[in-house]
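Enquirer: One structure follows; several queries about it will come next.
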Amino acid sequence: MKCAFNLVATILLVMLFSGCESTGTTNNYGVATIEKEEVTIEDAVAFIESHNQHERRVWKPYSIAFWLADTQINPDTQAVVSNVLEEILRYDARLVEESKQFNGIQLQGPTARAMNLVRIGAKIPAPSDDDKIAELAELSSQLSAMYGAGKWCPDDELDKCYSLGALENIIEDPMTSNDQKLRAWKGWRTISPPMRDKYQRMAELMNEGAIELGFNDTGELWRSGYDMPADKFAQVSEALWTDVQPLYNSLHCYVRDQLQQRYGENTVPSNALIPAHLLGNMWAQSWSNIYPLVEPFDGLPSIDVSLGLKKRRAEKESELKSKLGNGASIKELAEAEYEADEWIAREMVKSAEQFYVSMGMGKLPESFWVRSQFVKPRDRDVVCHASAWDMDLQGDVRIKMCIEPNLDDLTTIYHELGHLYYDLAYNALEPIFQSSAHDGFHEAIGDTIVLAMTPKYLASQGLIEPVIPSEEATINSQMKSALTKIAFLPFGKLIDEWRWKVFSGEIQPDSYNGSWWSLRAEYQGIDAPVRRSESDFDPGAKYHVPANVSYTRYFLSFILQFQFYEALCDAADHKGPLYQCSFFGSKEAGAHLNAMMANGQSQRWQDSMVQLTGTREMSADALLEYFTPLKEWLDKENSGRSCGW
């Protein structure tokens, strides 16, 4: 999963609760100040309205600054974004402080909802001290830039440096050797040790800010954003993991056995942790790329979309080069290759757009096709981590990706467009309500659509050969899905488990890396392939840690998407097993989904949940029902094996 909100999205969510202006007096930060001995409900309404007016003015220029910082990485854009971030943090700190004057007033309806969002909205809480605000802003922009510009330049290859994308290609190819994968895995993690001290200081400053807001630490602040007490949310999250853990453990047992057959028992021992570099993903968060090594039944039609996409791209390149003739220059040939990259990327995006349009949603605006970044530019560093952007709260939506012709990137595109259609659905609301019911909702929408990309749908789009229904074909398809959907769950849980413990002080700086790998062993059953120490900072090699993006949203989304999927299948009047459902072309399902999305965060997430699914609880029941055939097959297949670690 290469998902969703990057630093700008998080900061703009922070900005959503920052800064306010009114026709009355303001302090030096532009925050409305009510100069009265007693404030009223009318004052609170005016306070929120002045905030909304401010957001309408600043959202677009701030968004442009962050967009340029991600797509034009250089000292100038980083300086600009650091200044913008400092301004945002100052606004945010003062707005929350000013909101305290309304604590004793019994607010109702939208005003009460908006005031609560103001109070819990500081995802990067800053201390009130001006110098510390400036320091936090600089650290945040530096860490994001360090990740985006990260490259590995091996000592034994003169003038040769590898970007994240190049190293991912090595890890993701199931045919590359163990040694090649290990080298790439180690290489990427050379970018993060310089982040360690900066991250430690950033966490300290954020904790100071959270304490000033009345929380014990930043982790408690983050856990308070789910319309329930922070400790209750932690219990709900742990209960969801407990429900899905048996399915994950079965998948882990089977995959470890298959990898042992591939690499040998010395590399993949029985009853032990799986080496992280062998799972087909730089962070071992998704295992879909090792599907050829663990495919349950061979000899069936391929469900590997990547093969078809790569073939189409190669055909386009061949067509373009043939037009150039034999006398083409090196530059012309390179241009043809880049044009083929751009062509297949746009074709993949059009495929995703078509799915949403088939459900009755509008086509993306023309500006989307002009202003998005679909492929990695050849002339500069950019942040390739996939992200979706709402630039002005009025329809200027974009994605930023470095698309490659493979299944992972195809599903990521469907996922990112889910963010954009959510943005467009609630654009009519006041700015403070322009977000999802909770952050897991925003991540779940696109992945709900991905679940509907059944083999039948993929074949109808010419992405794979038609698959004849059979028990073996079902198991193959479910295995392919589980290597993404189930393999991710413990990773999605542990990222913030680590950060919550960092913020609370349970994990001290001198054990950052050791604690990271302890949690990865506990939750995922994996281990570093080489010895690691506290001179390393492996958490920083994962984008969301230096970019300071909360990760629990992704864990929740991988549960919610199955609940949403089940609800949309019901709306489409699907008959048959849940895993066979595709609501492609169902206007009823589209209307059902759009009605929920249009509410943004104007109501509690429980109200949005019941509107879409008929229940007010997050539950793993739909996920477990979906994977029932695979779980039964895995239990039989694992019989006699020693599972666990």
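Enquirer: If you take just the helices (runs of 4 or more DSSP H) that sit entirely in region 377-466, which of them hold at least 3 residues that are of a type in the set (D, E, K, R)?
Expert: On the way: elements: 407-425, 439-451, 455-460.
Per the criteria, 407-425, 439-451.
Enquirer: A further question follows. Only one of these is at pLDDT 50 or above, out of contact with any His (no Cβ under 7 Å at 6 or more places or on another chain) and more than 16 Å from Tyr91 (Cα to Cα): Thr40, Thr33, Thr23. Name it.
Expert: Numbers: Thr33 fails: more than 16 Å from Tyr91 (Cα to Cα); Thr23 fails: at pLDDT 50 or above.
Unique residue meeting the criteria: Thr40.
Enquirer: So, one more: Got a number for residues in region 85-105 being among the charged types (D, E, K, R) and within 28 Å of the chain's Cα centre (by Cα)? Don't jump to the end; show me each part of the working.
Expert: Step one: list which residues in region 85-105 are among the charged types (D, E, K, R), which gives 86-87, 90, 92, 94, 97-98, 100.
In the following step, the residues that additionally are within 28 Å of the chain's Cα centre (by Cα) were identified as 86-87, 90, 92.
Number of matching residues: 4.
Enquirer: Within region 355-371, identify whether any single residue is touching a Leu at 6+ places or on another chain (Cβ under 6 Å) and over 30 Å from Glu617 (Cβ atoms), and answer yes or no.
Expert: no
Enquirer: Would you please list the contacts, defined by Cβ atoms under 7 Å and residues six or more apart or on different chains, that run from a residue in region 433-446 that is over 13 Å from Tyr554 (Cα atoms) to a residue that is outside any loop (DSSP other than H, G, I, E, B) and open to solvent by 10 Å² or more (accessible area, probe 1.4 Å)?
Expert: If the second residue must be outside any loop (DSSP other than H, G, I, E, B) and open to solvent by 10 Å² or more (accessible area, probe 1.4 Å), the pairs left are Ser435/Leu13.
Enquirer: Kindly indicate the residue of region 523-570 that is β-branched (Val, Ile, Thr) and buried (at least 21 other Cβ atoms within 10 Å of the Cβ) and also modelled with the lowest pLDDT among those meeting that condition. Break it down into steps so the answer makes sense when it comes.
Expert: Initially, region 523-570 is screened for residues β-branched (Val, Ile, Thr), giving 526, 530, 545, 549, 552, 559.
After this cut, where a residue has to be buried (at least 21 other Cβ atoms within 10 Å of the Cβ) as well, the list is 526, 545, 549, 552, 559.
Numbers: Ile526: 98, Val545: 96, Val549: 90, Thr552: 96, Ile559: 98.
By that ranking, first place goes to Val549.
Enquirer: Of the residues that make up region 267-288, is at least one closer than 20 Å to Arg641 by Cα, in a helix (DSSP H, G or I) and open to solvent by less than 40 Å² (accessible area, probe 1.4 Å)?
Expert: Looking through region 267-288, none of the residues is closer than 20 Å to Arg641 by Cα, in a helix (DSSP H, G or I) and open to solvent by less than 40 Å² (accessible area, probe 1.4 Å).
Yes or no, residue by residue, for (1) over 25 Å from Phe233 (Cβ atoms); (2) out of contact with any Pro (no Cβ under 6 Å at 6 or more places or on another chain); (3) not hydrophobic (A, V, I, L, M, F, W, C):
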{"site": "Gln603", "(1), (2), (3)": "no, yes, yes"}
{"site": "Gly614", "(1), (2), (3)": "no, yes, yes"}
{"site": "Ala620", "(1), (2), (3)": "no, yes, no"}
{"site": "Leu624", "(1), (2), (3)": "no, yes, no"}
{"site": "Thr628", "(1), (2), (3)": "yes, yes, yes"}
{"site": "Asn638", "(1), (2), (3)": "yes, yes, yes"}
{"site": "Gly644", "(1), (2), (3)": "yes, yes, yes"}
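Enquirer: I'm told Gly299 meets every condition in (1) modelled with pLDDT under 95; (2) out of contact with any Pro (no Cβ under 8 Å at 6 or more places or on another chain); (3) not in a loop (DSSP other than H, G, I, E, B) except one. Can you identify the failing condition by its number?
Expert: The failed condition is (3).
Enquirer: List pairs: first in region 332-344 and farther than 16 Å from Leu309 by Cα, second open to solvent by 50 Å² or more (accessible area, probe 1.4 Å) and in a helix (DSSP H, G or I), Cβ under 8 Å, 6+ apart or cross-chain?
Expert: Listed pairs, sorted by first residue: Glu332/Leu324; Leu333/Lys321; Leu333/Leu324; Ala336/Lys321; Ala336/Leu324.
Enquirer: Is region 571-581 home to any residue that is buried (at least 17 other Cβ atoms within 10 Å of the Cβ), in contact with a Cys (Cβ under 9 Å, 6 or more places away or on another chain), small (Gly, Ala, Ser) and closer than 14 Å to His438 by Cα?
Expert: At the first step, the residues of region 571-581 found to be buried (at least 17 other Cβ atoms within 10 Å of the Cβ) are 571-572, 574, 578-579, 581.
Okay, now just the ones that are also in contact with a Cys (Cβ under 9 Å, 6 or more places away or on another chain), so 572, 574, 578, 581.
Restricting the remaining residues to those that are small (Gly, Ala, Ser) gives 572.
Subsequent filtering for residues that are closer than 14 Å to His438 by Cα retains none.
Scanning region 571-581, I find no residue that is buried (at least 17 other Cβ atoms within 10 Å of the Cβ), in contact with a Cys (Cβ under 9 Å, 6 or more places away or on another chain), small (Gly, Ala, Ser) and closer than 14 Å to His438 by Cα, so the answer is no.
Enquirer: Specify which of the listed residues (Lys123, Lys100) is touching a residue at least 40 places away in the same chain (Cβ under 8 Å) and open to solvent by 30 Å² or more (accessible area, probe 1.4 Å).
Expert: Values: Lys100 fails: touching a residue at least 40 places away in the same chain (Cβ under 8 Å).
The conditions single out Lys123.
Enquirer: Taking the residues in region 38-84 that are hydrophobic (A, V, I, L, M, F, W, C), closer than 15 Å to Met115 by Cβ and in a helix (DSSP H, G or I) as candidates, determine which candidate is nearest to the chain's Cα centre (by Cα). Break it down stepwise before answering.
Expert: Just the residues of region 38-84 that are hydrophobic (A, V, I, L, M, F, W, C), to begin with: 39, 41, 44-48, 58-59, 64-69, 73, 79-81, 84.
Still in the running and closer than 15 Å to Met115 by Cβ: 39, 41, 44-48.
Pick out the ones that are also in a helix (DSSP H, G or I) and you get 41, 44-48.
Values: Ile41: 38, Ala44: 34, Val45: 34, Ala46: 35, Phe47: 33, Ile48: 30 Å.
Only one residue fits best here, namely Ile48.
Enquirer: Let me ask another. Tally time: how many residues in region 250-266 are in a helix (DSSP H, G or I) and closer than 20 Å to Ser177 by Cα?
Expert: Residues of region 250-266 that are in a helix (DSSP H, G or I), as a first pass: 250-263.
Right, trim to closer than 20 Å to Ser177 by Cα and you get 255-263.
Selection size over region 250-266: 9.
Enquirer: Among the residues of region 104-127, write down those that are modelled with pLDDT of 90 or more and not in a helix (DSSP H, G or I).
Expert: Pass one, region 104-127, residues modelled with pLDDT of 90 or more: 105-118, 125-127.
Scanning region 104-127 gives Ile105, Gln106, Leu107, Gln108, Pro125, Ala126, Pro127.
Enquirer: Return yes when Gly209 is surrounded by 20 or more Cβ atoms within 10 Å (Cβ to Cβ) and within 28 Å of Ala622 (Cα to Cα) and no when it is not. It would help to see each step written out before you state the result.
Expert: Values: surrounded by 20 or more Cβ atoms within 10 Å (Cβ to Cβ): yes; within 28 Å of Ala622 (Cα to Cα): no.
For Gly209, the condition - surrounded by 20 or more Cβ atoms within 10 Å (Cβ to Cβ) and within 28 Å of Ala622 (Cα to Cα) - is not met.
Enquirer: Every residue in region 457-472 that is of a type in the set (A, V, I, L, M, F, W, C) and touching a Lys or Arg at 6+ places or on another chain (Cβ under 9 Å), please.
Expert: So the first thing to find is which residues in region 457-472 are of a type in the set (A, V, I, L, M, F, W, C), and the list is 458-459, 463-464, 467-468.
Once the filter is applied, which keeps residues that are of a type in the set (A, V, I, L, M, F, W, C) and touching a Lys or Arg at 6+ places or on another chain (Cβ under 9 Å), region 457-472 yields only Val467.
Enquirer: Given the condition aliphatic (A, V, I, L, M), under 17 Å from the mean Cα position of the chain (by Cα) and in a helix (DSSP H, G or I), answer yes or no: does some residue in region 513-527 qualify?
Expert: Initially, region 513-527 is screened for residues aliphatic (A, V, I, L, M), giving 519, 521, 526.
If we keep only those that are under 17 Å from the mean Cα position of the chain (by Cα) too, we end up with none.
So far as region 513-527 goes, no, none of its residues is aliphatic (A, V, I, L, M), under 17 Å from the mean Cα position of the chain (by Cα) and in a helix (DSSP H, G or I).
Enquirer: Cβ-Cβ under 6 Å, sequence separation 6+ or interchain: first residue in region 156-180 and under 21 Å from Lys542 (Cβ atoms) and assigned to a helix (DSSP H, G or I), partner open to solvent by less than 40 Å² (accessible area, probe 1.4 Å) and of a type in the set (D, E, K, R). Which pairs?
Expert: Ile171/Lys181
Enquirer: Looking at this structure, is Val294 more than 25 Å from Leu458 (Cα to Cα) and open to solvent by less than 10 Å² (accessible area, probe 1.4 Å)?
Expert: Working: more than 25 Å from Leu458 (Cα to Cα): no; open to solvent by less than 10 Å² (accessible area, probe 1.4 Å): yes.
No: the conditions fail for Val294.
Enquirer: Let me ask another. Would you tally the residues in region 570-595 being touching a residue at least 60 places away in the same chain (Cβ under 8 Å) and part of a helix (DSSP H, G or I)? Spell out how you get there, then give the answer.
Expert: Quick first cut of region 570-595, residues touching a residue at least 60 places away in the same chain (Cβ under 8 Å) only: 579-587, 589-591, 593-594.
If we keep only those that are part of a helix (DSSP H, G or I) too, we end up with 579-580, 587, 589-591, 593-594.
Selection size over region 570-595: 8.
To keep it simple, each residue is scored yes or no on (1) open to solvent by less than 20 Å² (accessible area, probe 1.4 Å); (2) aromatic (Phe, Trp, Tyr); (3) out of contact with any helix residue (DSSP H, G or I) (no Cβ under 8 Å at 6 or more places or on another chain).
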| position | (1), (2), (3) |
| --- | --- |
| Pro365 | no, no, yes |
| Val370 | no, no, yes |
| Val383 | yes, no, no |
| Gln394 | no, no, yes |
| Arg398 | no, no, no |
| Ile413 | yes, no, no |
| Pro431 | yes, no, no |
| His442 | yes, no, no |
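Enquirer: Please go through region 467-497 and pick out each residue that is in a helix (DSSP H, G or I) and either open to solvent by 10 Å² or more (accessible area, probe 1.4 Å) or among the charged types (D, E, K, R) (or both). Don't jump to the end; show me each part of the working.
Expert: Narrowing region 467-497 to residues in a helix (DSSP H, G or I): 471-485, 488-497.
Once the filter is applied, which keeps residues that are in a helix (DSSP H, G or I) and either open to solvent by 10 Å² or more (accessible area, probe 1.4 Å) or among the charged types (D, E, K, R) (or both), region 467-497 yields Glu471, Glu472, Ala473, Thr474, Ser477, Lys480, Ser481, Thr484, Lys485, Lys493, Asp496, Glu497.
Enquirer: Right, here's the next one. I need every pair where a residue in region 127-139 that is open to solvent by 20 Å² or more (accessible area, probe 1.4 Å) has its Cβ under 7 Å from the Cβ of a residue that is among the polar types (S, T, N, Q) and assigned to a helix (DSSP H, G or I), sequence separation at least 6 or different chains.
Expert: Glu138/Ser82
Enquirer: Sticking with this one: Which residues, counting only those in region 237-252, are β-branched (Val, Ile, Thr) and more than 21 Å from the chain's Cα centre (by Cα)?
Expert: Initially, region 237-252 is screened for residues β-branched (Val, Ile, Thr), giving 242, 244.
Listed by number, the list holds a single entry, Thr242.
The values are calculated or read from the model by the stated rules, or taken from the named source; none is laboratory data. Please read these numbers as outputs of a predicted model, since none were measured by experiment. Every residue, glycine among them, receives a Cβ derived from its backbone with ideal geometry; neighbour counts consider all protein chains shown. These accessible areas exclude ligands, DNA and RNA; they are computed on the full protein's heavy atoms, side chains included. Shrake-Rupley method; radii C 1.70, N 1.55, O 1.52, S 1.80 Å.
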